[in-house]
Amino acid sequence: MVSQRQVRLRIVHTEASCGWGGQEIRILTEAQGMIARGHAVTLLCPPEARIYDEAQKRNLPVHALPIGRKNLRGVLALRQWLRTHPADVINTHSSTDAWLAALACRLLDKPPAIVRTRHISAPVPDNFSTRWLYTKATHHIVTTGERLREQLVRDNRYPATRITSIPTGIDTERFKPGDKSEARRRLGLDAGAHYIGIVATLRSWKGHLHLLDAFARLDAPKWRLLIVGDGPMRGVLEKRIAELGLEPRVRMVGQQDNPELWLQALDIFCLPSYANEGVPQAILQAMLSGLPVVTTAVGSITEAISDSRTGLIVTPQRPDELAAALRRLMADPDLAARLGAAAREEAMRRFGIERMLERMERVFRKTAA
């Protein structure tokens, strides 16, 4: 008899977004993990999306389809592809591809089951059509945090039994504490300075502007701020750095392929988001790197960071409070070390990549059945 684990699933991921961030990284990471488990996985996305190029770099099966907009062309293209490439389950990730997949599957004789992953905490419209999409066309919903799941049950009245919270899993071998001096040497950083850092796409809700305002309030000439990532807020942040006179103490290093090395170079990690978060991958990566974390109670962040145990929680959009938390860690290295050690232990226990893959596989199998 063939065990359930040995039965190969045909999994299709769809992503309409042309952006780049934790959502897209999770899709690729999950796809790689499922392929390693013996499943057939394909990604469908617009040809102009960055995830298309990134999937090719990782040698992942990817096909370009015109699914970047909600229109009939996208529905028909998706229907035709699914007709010639039968699947067991289709995992949608953004609003546009979720609608296109739902309508395309209505036009198929034997459609795959649909799993919708919700990556962020932005409210879902409470109307008839969206309710149909989530409760009729979609067979199961996955959220990247329990707070997001609770939000859909409470605010949208979706059946709790059809929603599962599965936080993103992180590679525990890649993200781990390292030699700070060696990391700084390799990155060309000042060996005599201390570093606060943020690793995130440069989007408004990540709170970079509030972090700059907080950092400007710190009377700490030996401390530097590293901003790792790129995105639409770059010009705004560069202007604000100049206005605050922080050019000598703040470095924007852009998108980096080795975030683990940048994290190893830091003393403190900060992500002062004020909207649209699940459990951010950057926070989990920082925790695994043994860093003390300063963040906010937005989305599902507090499912990873417990105030004064695995990090410090501050009020969103309050630079004064953020500065006070940073100042506290800067002045108390023992507290920073305790928080970092506790954070790593928590992340190792709950947020490894195999845990995520095991739980996603169970959802796919149950839904496909």
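The values are calculated or read from the model by the stated rules, or taken from the named source; none is laboratory data. What you see is a predicted model, and the numbers here were worked out from it, not measured in a lab. Using ideal geometry, Cβ is built from the backbone for each residue, glycine included, and neighbour counts are taken over all protein chains shown.
Every condition in (1) farther than 26 Å from THR164 by Cα; (2) within 15 Å of the chain's Cα centre (by Cα); (3) β-branched (Val, Ile, Thr) is met by THR315 except one, and the failing one is (2).
Based on what the data block shows, is VAL12 free of Cβ contacts under 8 Å to residues at least 40 places away in the same chain and either closer than 18 Å to ALA369 by Cα or among the β-branched types (Val, Ile, Thr) (or both)? It is false that VAL12 is free of Cβ contacts under 8 Å to residues at least 40 places away in the same chain and either closer than 18 Å to ALA369 by Cα or among the β-branched types (Val, Ile, Thr) (or both).
Against the condition among the acidic types (Asp, Glu), in the same structural domain as ILE141 (by TED's automatic domain parsing) and within 19 Å of ALA113 (Cα to Cα), how does ASP53 come out, does it pass? Judged against the criteria, ASP53 is not a match.
Each row is one residue, and each column tells you yes or no for (1) among the basic types (Lys, Arg); (2) part of a loop (DSSP other than H, G, I, E, B).
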site	(1), (2)
ARG149	yes, no
GLY178	no, yes
SER181	no, no
TRP205	no, no
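Which one is surrounded by the most Cβ atoms within 10 Å (Cβ to Cβ) among residues in region 19-65 that are modelled with pLDDT of 95 or more and small (Gly, Ala, Ser)? Looking at the filtered set, the residue picked out is ALA55. Only one of the listed residues (ARG234, ARG217, ARG186, ARG249) is farther than 25 Å from PRO316 by Cα and surrounded by fewer than 20 Cβ atoms within 10 Å (Cβ to Cβ). That residue is ARG186. Would you call ARG362 among the basic types (Lys, Arg) and closer than 24 Å to THR143 by Cα? Yes: the conditions hold for ARG362. Among GLU303, GLU361, which is outside the structural domain of ILE196 (by TED's automatic domain parsing) and on the phi < 0 side of the Ramachandran plot? Among GLU303, GLU361, only GLU361 is outside the structural domain of ILE196 (by TED's automatic domain parsing) and on the phi < 0 side of the Ramachandran plot. Taking region 32-62 as the region of interest, how many residues are among the aromatic types (Phe, Trp, Tyr) and more than 17 Å from SER94 (Cα to Cα)? Residues meeting the conditions: 0. All told, ALA64 meets the bar of being among the small types (Gly, Ala, Ser) and in contact with a strand residue (DSSP E or B) (Cβ under 9 Å, 6 or more places away or on another chain). Filtering region 196-213 for residues that are crowded, with 18+ Cβ neighbours inside 10 Å and either hydroxyl-bearing (Ser, Thr, Tyr) or not assigned by TED's automatic domain parsing to the domain that holds GLU345 (or both) leaves a non-empty set. Apart from one condition, ALA191 fits all of (1) aliphatic (A, V, I, L, M); (2) buried (at least 21 other Cβ atoms within 10 Å of the Cβ); (3) not in a helix (DSSP H, G or I); the exception is (2).
Residues that are small (Gly, Ala, Ser) number at least 1 in the following strands (runs of 3 or more DSSP E) confined to region 49-134: 62-64, 113-118.
Residue by residue, here is whether (1) buried (at least 16 other Cβ atoms within 10 Å of the Cβ); (2) at positive phi; (3) not small (Gly, Ala, Ser) holds:
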{"residue": "ARG318", "(1), (2), (3)": "yes, no, yes"}
{"residue": "LEU322", "(1), (2), (3)": "yes, no, yes"}
{"residue": "PRO333", "(1), (2), (3)": "no, no, yes"}
{"residue": "GLY340", "(1), (2), (3)": "yes, no, no"}
{"residue": "ARG350", "(1), (2), (3)": "no, no, yes"}
{"residue": "LEU357", "(1), (2), (3)": "yes, no, yes"}
